[in-house]
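What follows is a short report on a single structure.
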Amino acid sequence: MDNDSSEALRERVRAAISDSAPLSIVGGGSKGFSGRAPTGDPLEVAGHRGIVSYEPTELVITARGGTPLAEVRAALAERGQMLAFEPPAFGADATLGGCVAAGLSGPARPYAGAVRDFMLGAKVMNGRGEILRFGGEVMKNVAGYDVSRLMTGAWGTLGVLLELSLKVLPRPKAIRTLVFEMEAGEAIERCNAWAAKPFPISAACHFQGRLRVRLAGSASAIDAASRSLGANQAIDAVDHERSEIDLDPASEPAPEPEGEHFWAALREQKLAFFAGEAEPLWRISLPPGTARFDIDDDQTPRECLIDWGGGLRWIRGDTRNEAQDMASIRLAATRCKGHATLFRGGDRQGDIFHPLPAGLHRLHERIKAAFDPGAIFNRGRMYRGI
């Protein structure tokens, strides 16, 4: 389906500006659980959809913001290509615009890059009802290049994402997952040592005493890397028949799946660790070499899922005293030069994202004022008043 509803959206936005009425941008609704509670009437953008252009030889695709992520993935898969940053969908209705607005990347993020690294250009409607274009469809076009990247992870607070141009990459010819038994500290140490070498690692996750390392590339490169990583010491080695990017995000894998199903389940938070949507789930971004993450109030260490080779930690919050637990987790993250986000569950009216230093907060306010002077779009979705 191809539908350009930008003019209808512009009329709706201009009416909201005239009435000083805030709008809550809604695509597929798959990520409504994250961020602060939305404010304002819904601005439905899922109908603004369709792949505008796709040039496989140029490794670039341009699609409207409401285009289903599944549609984009399917078009790329037909030509043996993919979104290398592996955006999580969190539902079958996820849109491309929502994935960019959330700025979330999957297990490949430390090795392939983040969402913003693949942004080439964007067409955006700002808070004045103006349609602006930034960047382009080639890597060497730098006009407005950084502005289009600014839209990633802004949660729709800067404008409506009408069109997005993204760099795509060929799918790997072969994929293998090696599974090792080891403690978290040793796993992080090994992942950091391996990251300094030219191994074709595309994901690394430690959970419940097991380190899973995914290799992607040519069959010969994977065989050579497997030997170097000590495949003879692995308790399992799984050669994937197909890439996890093709798996249905709405499917329900086994509670603790293996092989390609493990990485899809990790990306889409279908593992048993993520069960319990109402319970606080913390997403903690740390320097990858951080060996320990200790929370002062904990009498015993919490169960922790480590992704990104050590750069991302997932832990469950303590529901007995959420406010105190939030303060303790954020203090621990700050000590490690990281930041903590209340990703799911808990109190959605409070500080969901890690508090910003005063100077950086003022910068965010100025950027918001430049794009959306009336604070029409997704007011307070990230921080109060922004």
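The values are calculated or read from the model by the stated rules, or taken from the named source; none is laboratory data. What you see is a predicted model; the values in this text were computed from it and never measured. Cβ placement follows ideal geometry from the backbone for every residue including glycine, while neighbour counts extend to all protein chains displayed.
Of all residues in segment 156-169, those satisfying the criterion of being surrounded by fewer than 24 Cβ atoms within 10 Å (Cβ to Cβ) and either without any contact (Cβ under 8 Å) to a residue 60 or more places away in the chain or part of a loop (DSSP other than H, G, I, E, B) (or both) are 158, 168.
Apart from one condition, residue 311 fits all of (1) in contact with a helix residue (DSSP H, G or I) (Cβ under 8 Å, 6 or more places away or on another chain); (2) more than 21 Å from residue 213 (Cβ to Cβ); the exception is (2). The single residue among 78, 183 that is surrounded by fewer than 18 Cβ atoms within 10 Å (Cβ to Cβ) and either in contact with a strand residue (DSSP E or B) (Cβ under 7 Å, 6 or more places away or on another chain) or assigned by TED's automatic domain parsing to the domain that holds residue 11 (or both) turns out to be 78.
Looking at residue 98, is it at pLDDT 95 or above and either surrounded by 18 or more Cβ atoms within 10 Å (Cβ to Cβ) or among the small types (Gly, Ala, Ser) (or both)? Considered against the rule, which asks whether it is at pLDDT 95 or above and either surrounded by 18 or more Cβ atoms within 10 Å (Cβ to Cβ) or among the small types (Gly, Ala, Ser) (or both), residue 98 comes out as yes. Within segment 95-120, the set of residues being in a helix (DSSP H, G or I), closer than 21 Å to residue 195 by Cα, hydrophobic (A, V, I, L, M, F, W, C) and under 10 Å from the mean Cα position of the chain (by Cα) comprises 115 only. When the residues of segment 186-198 are narrowed to those that are over 19 Å from residue 114 (Cα atoms) and crowded, with 19+ Cβ neighbours inside 10 Å, which ends up nearest to the chain's Cα centre (by Cα)? Per the stated criteria, the residue is 188. All conditions but one from (1) under 15 Å from residue 96 (Cβ atoms); (2) in the same structural domain as residue 91 (by TED's automatic domain parsing); (3) at pLDDT below 95; (4) surrounded by fewer than 19 Cβ atoms within 10 Å (Cβ to Cβ) apply to residue 39; the one that does not is (1).
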